Amino acid sequence: MPTSRHDVVIVGAGQAGLAMSHCLSRRDIDHVVLERHEVASAWVRQRWDSLRLLTPNWMTRLPGAGPFDGPADGFAPASDVAAHLRNYASTIDAPVVSDCAVERIEPDASGWRVSTSQGAIRARAVVLATGHGTTPRIPPAATALSATLRTIGALEYKNPDAIEDGGVLVVGASASGTQIADELARAGRSVVLAVGEHVRAVRSYRGHDLYWWLERTGLLDEQYDTVDDIRRVRATPSFQLVGSDDGRRVDLDALQSRGVQLAGRLVGSERGRAIFSGSLANACASADLKLERLLSQFDQFASERGLDDLSDPWRPARTIVPEPRLEVRTAALRTVIWATGHTPTFPDIGAPVFDRLGRLVHDGGIVGTTGLYVLGLPFLRRRRSSFIDGAGADAEALAERIDAHLASRNVA
Ligand SMILES: Cc1cc2nc3c(=O)[nH]c(=O)nc-3n(C[C@H](O)[C@H](O)[C@H](O)COP(=O)(O)OP(=O)(O)OC[C@H]3O[C@@H](n4cnc5c(N)ncnc54)[C@H](O)[C@@H]3O)c2cc1C
């Protein structure tokens, strides 16, 4: 049972909450980490069985932790990530209270009143580290599909055997959607993939992993306040990429070669049919162009830095776009998997901190000037913010602000 007063309450014991705990401990700031389940629960409860990191192991870096136990260029299974985080929590001696769900936070005279399933706590500052999303973003026009079909979110998917016999519609062609469509097709299932705006990727380029390039060129460290349209960039889908031992591709060409049928963006359903837009060719052309631009950026970087130990530049062929499927009879389907991205689920917050679309308003993780902070959201402070590798620097930057906030209240 937590004591009833702390300088800082951190909500959530994933990588973000733990990294923040470490940064606060280093500054001798009193705090507690409240976790509704157990440390690293998202990596156990909200990942499919075969999931491996799509970032190489060398990117599993956390402040105060040793290197990840595994080959630097390998891709760890989710269970190993969970074990690594549990080990991290004990190494840094994080004051985690498990099975303690934060239900509501509201401002009070001392800062914040935090109501939990184990009682109330007063805190001078609160850090929301509750993850970047668990509720699937379902296109409103498509909710009617739920009436006839079994629908699940990508984070509820476990493996092909747990999906009823019959056709599967996977909606969304980002990392989750393409990986799940790939696994189902390889298990012999009939899969339609609804594809809207997407980000095509290559696993490696000129002898190096994609993330080697993103790190070297500084793209992962781009700052949120230097980007033109940060809202649009934050909503960009993830790369069509998988971390695997066989270097498998999961772009649309690879998926088609494994039997996945492509359709355009799902726009609705009527009279027993799922309806798709005819925009597939445009979406593919745009993704091909963006990938070419990214690879050209890498080439330019290589030539400016005189990197001469690289293999020759190349470009993947343009995506082969099939005749667009504009509809699929729902009778041919049994399951819909929403891989359309997720929205974060925060505890109830008794303060006006959301915009009219329900998004938390923050400036690089600082929510107003009241001692409320958020960590772990996409491109929170830098492009790598929502990766394991992004938690440390963001937590350190916010710990500095928390320190200043607590000191200013002491003076007052
Ligand atoms: C499918 C998938 C694949 C990914 N692959 C990679 C990858 O390859 N490499 C990479 O670096 N990143 C990857 N990520 C991104 C990221 O690393 C994870 O999403 C990570 O889990 C985020 O860490 P977090 O600490 O921000 O949140 P989480 O890990 O989600 O932790 C949040 C914690 O808060 C707790 N919580 C939530 N609400 C409350 C409450 N009200 N009260 C108390 N506790 C609460 C939850 O139980 C949870 O334990 C992936 C994400 C997904 C979804």
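What follows draws every value from the coordinates through simple rules; no lab data is involved. If you're wondering where the values come from, they're calculated on a predicted model, not measured in any experiment. Don't worry about glycine lacking a Cβ; one is built from the backbone with ideal geometry, like all the others, and counts go over all protein chains shown.
Mean-square fluctuation check for the chain, GNM, Cα pairs under 10 Å: which of 294, 310, 145 is largest?
The residue with the greatest mean-square fluctuation here is 310.
What share of the DSSP beta bridges in the chain is antiparallel, in percent to the nearest 5?
Approximately 45 percent, going by the DSSP bridge assignments.
Could you tell me which GluC sites (Glu not before Pro) in the range 162-222 are loop residues by DSSP with no more than 13 other beta carbons within 10 angstrom of their beta carbon?
Within the range 162-222, the qualifying GluC sites (Glu not before Pro) (loop, at most 13 other Cβ atoms within 10 Å) are 164.
Short version: ³J(HN,Hα) in whole Hz for each residue of the range 230-237, in order, from phi by Karplus 6.51 cos²θ - 1.76 cosθ + 1.60 (θ = phi - 60°), x for Gly and Pro, what are they?
Per residue, the Karplus-derived 3J(HN,Hα) values read 5, 5, 5, 5, 5, 8, 5, x Hz.
Considering only C-alpha atoms, what is the centroid distance from the range 348-392 to the range 70-133, in Å?
If you average the Cα positions of each part, the centres end up 15 Å apart.
Given charges of +1 on the Cβ of Lys and Arg and -1 on the Cβ of Asp and Glu, with all other atoms neutral, how large is the dipole of the chain about its Cα centre, in debye to the nearest 20?
Charge dipole, the chain, about its Cα centre: 1020 debye, nearest 20.
Give me the dipole magnitude in Debye, nearest 20, for the range 264-377 about the Cα centre, with unit charges on the beta carbon: positive for Lys and Arg, negative for Asp and Glu.
740 debye
Once phi is turned into θ = phi - 60°, what whole-Hz ³J(HN,Hα) does the Karplus curve with 6.51, -1.76 and 1.60 give for every residue of the range 257-266, x standing for Gly and Pro?
Couplings: 5, 9, x, 6, 8, 9, 10, x, 5, 6 Hz.
Compute the signed sum of charges (Lys and Arg +1, Asp and Glu -1) over the other residues within less than 12 Å, Cβ to Cβ, of residue 42.
Every neighbour counted, the sum reads +1.
For residue 99 and residue 285 in the same chain, what is the full-extension length gain: residue separation times 0.36 nm, less their Cα-Cα distance, in nm?
62.2 nm
Taking only C-alpha pairs under 8 Å that are 6+ residues apart, what is the relative contact order of the chain in percent?
Answer for the chain is 23 percent.
For residue 408 and residue 226, compute 0.36 nm times the residue count separating them, minus their Cα-Cα distance, and round to one decimal in nm.
Using 0.36 nm per residue and subtracting the Cα-Cα distance, I get 62.7 nm.
For the chain, what is the mean residue ellipticity at 222 nm derived from helices alone (per DSSP H run of n ≥ 4: -39500 (n - 2.57); sum divided by total residues; nearest 500 deg cm²/dmol)?
Roughly -8500 deg cm²/dmol at 222 nm, from the helical runs in the chain.
Rank 102, 72, 88 by how far each Cα sits towards the positive end of the charge dipole of the range 59-194 (+1 on Lys, Arg Cβ; -1 on Asp, Glu Cβ) and give me just the farthest.
Going by the charge dipole, the pick is 102.
Going by amide H atoms built from the backbone, whose H comes under 5 Å of the H on residue 5, apart from near neighbours?
Amide H neighbours of residue 5, under 5 Å, 5+ apart: 122.
Using Cα pairs under 8 angstrom and six or more residues apart, how large is the relative contact order of the range 107-225, in percent?
14 percent
In whole Hz, what ³J(HN,Hα) sequence does the range 352-369 give by Karplus (6.51, -1.76, 1.60; θ = phi - 60°), x for Gly and Pro?
Once θ is set to phi - 60°, the couplings for the range 352-369 become x, 10, 10, 7, 5, 9, x, 8, 5, 8, 8, 10, x, x, 9, 9, x, 10 Hz.
Does the range 1-99 come out rounded, prolate or oblate, given a ≥ b ≥ c as the square roots of the eigenvalues of its C-alpha gyration tensor, rounded meaning a/c under 1.5 and, failing that, prolate meaning a/b above b/c?
Oblate, since a/c reaches 1.5 and b/c is not below a/b.
For the chain, set up a Gaussian network in which alpha carbons nearer than 10 Å are linked by springs, and say which option among 333, 53, 357 fluctuates the most.
Evaluated over the chain, the most mobile residue of the options is 357.
What is the set of long-range amide H partners of residue 236 at a cut-off below 5 Å, with H atoms built 1.01 Å from backbone N?
Placed amide hydrogens put nothing under 5 Å from residue 236.
Considering the Cα trace of the chain, what is its radius of gyration and what is Dmax, both in angstroms?
So, for the chain, Rg and Dmax equal 22.3, 68 Å respectively.
Can you tell which of 44, 361, 260 shows the greatest fluctuation in a Gaussian network model of the chain with Cα springs below 10 Å?
Answer for the Gaussian network model of the chain: 361.
Mind running the shape call on the range 50-94? Use the C-alpha gyration tensor, a ≥ b ≥ c as the square roots of the eigenvalues: rounded below 1.5 for a/c, prolate if a/b tops b/c, oblate otherwise.
In terms of gyration-tensor shape, oblate.
Can you give the net charge of the other residues whose Cβ lies under 13 Å from the Cβ of residue 402, counting K and R as +1 and D and E as -1?
Every neighbour counted, the sum reads -2.
What percent does the relative contact order of the range 1-152 come to when contacts are Cα pairs within less than 8 Å and at least six residues apart?
31 percent
Is the C-alpha gyration tensor of the range 181-249 telling us rounded, prolate or oblate? Criteria: a/c under 1.5 is rounded; beyond that, a/b larger than b/c is prolate, otherwise oblate.
Oblate shape, in that a/c is at least 1.5 and b/c is the bigger or equal ratio.
Name the residue from 281, 335, 238 whose Cα lies farthest towards the positive end of the charge dipole of the range 218-337, charges +1 on Cβ of Lys and Arg and -1 on Cβ of Asp and Glu.
Of 281, 335, 238, it is 335.
What dipole magnitude, in Debye to the nearest 20, does the range 178-330 give about its Cα centre under +1 on Lys/Arg Cβ and -1 on Asp/Glu Cβ?
Taking the Cα centre of the range 178-330 as origin, the dipole is about 860 debye.
Can you tell me the 0 to 90 degree angle between the C-alpha axis of helix 78-91 and the longest principal axis of the chain, rounded to 10?
10 degrees
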